[in-house]
Amino acid sequence: MSTKKLITYTRLLNDIYCQPRDIDNQEVIQLLRQAEVIPQRLLPFKGAVHVIDYTQRRHLGLSGQIKNMMGFDPRDVIENGLDYVIDIFQKDDFKIYNETVFSQVTDFLKKTPQKEHNEYFFSYTYRLRKATGKWANIFQQCNYITDPKTNLPLYCIGLIADISPLKKDNSMIFCIDKKGSEFGLLNHKNILINHYYPDPEESRLSRREREILGRLSEGLSSKQIAHKLYLSESTIINHRKNILRKTNAKNVAELIRYAIENGLV
């Protein structure tokens with residue numbers, strides 16, 4: 001029985017790399033033009049728009065506040081290719097992005113008709129090292145142009161922003177959203193949201209969370225658990241949300257299955 005081979009970020013870069021050539025893809029040219037005209041006032045915090053050519057392992061364009069955000073000259077990023085970015089990627093975050101997150105991206109794209117790929121946004125958080133040596137919490141949202149034969153990414157246009165003022169923990173968040181309508185900028189339908197923890201301590205359930213998980217496995221409601229533990233119902237609901245986030249479970253049924261498989265109940 002054959003084992004499914006995961007398509008990691010580094011594997012994709014190695015597999016599709018080819019000799020430099022002139023850009024003749026009209027979609028890519030359009031992406032470059034879009035990146036050039038995005039008003040800087042629309043970028044949240046310190047942000048930038050980038051266009052990546054995976055076949056050349058490089059950025060085709062950068063528009064925005066890269067210098068102010070990271071302390072690097074955008075020309076260095078473009079001239080030194082994607083290895084420059086991989087080098088400043090926090091190593092534990094990159095391991096998760098490379099082996100888990102990007103594999104989910106390619107798996108989703110391969111299962112989705114290629115003509116529908118432009119309807120989806122892929123969002124991530126991760127840490128990059130600034131020129132000062134300090135870490136920045138980065139939010140990235142991107143859209144892919146894919147190979148019609150393999151459904152795998154060839155190009156990417158993405159928004160990146162430093163969200164350090166908002167995000168203080170080291171967890172990574174990965175989302176897939178589908179566009180709601182052409183003019184509904186925020187009218188997106190969430191398809192997937194997963195949380196990952198480079199620091200395993202952040203993903204461990206607390207004693208109280210394990211206690212509540214045990215009560216859920218007994219079939220008790222939040223109101224019933226609150227009554228037994230002498231807590232407010234809203235406190236139990238918040239604990240449930242944290243447990244779902246830490247386990248990447250979508251509902252209580254998935255949560256109980258996770259608890260059984262991991263010997264928590």
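Bear in mind these aren't lab numbers, they're just calculated from the coordinates by the rules spelled out. Remember, it's a predicted structure, so these values are computed and weren't measured experimentally. Every residue, glycine as well, gets a Cβ built from its backbone with ideal geometry; the counts of neighbours run over all protein chains shown.
Here are some notes:
- Mean sequence separation of contacting Cα pairs (under 8 Å, at least six apart), scaled by the length of the stretch 105-185, corresponds to a relative contact order of 34 percent.
- Which of Val77, Leu109, Asn137, positive extreme of dipole for the stretch 68-156 (C-beta unit charges): Asn137
- In the stretch 164-265, chymotrypsin sites (Phe, Trp or Tyr not before Pro) in a DSSP loop with at most 10 other beta-carbon atoms within 10 Å: Phe183, Tyr230
- Separation of the alpha carbons by more than 23 angstrom is noted, of Lys91/Lys178; Lys179/Lys246; Lys228/Lys250; Lys67/Lys167; Lys223/Lys250, for Lys91/Lys178; Lys179/Lys246; Lys228/Lys250.
- Cα centroids of the stretch 202-257 and the stretch 73-137: 33 Å apart.
- Among the trypsin sites (Lys or Arg not before Pro) in the stretch 83-180, those placed in a DSSP loop whose Cβ has at most 16 other Cβ atoms within 10 Å are Lys130, Lys134, Lys149, Lys167, Lys168.
- Distant-in-sequence amide H partners of Leu154 (H built 1.01 Å from N, under 5 Å): Ile145, Thr146, Asp147
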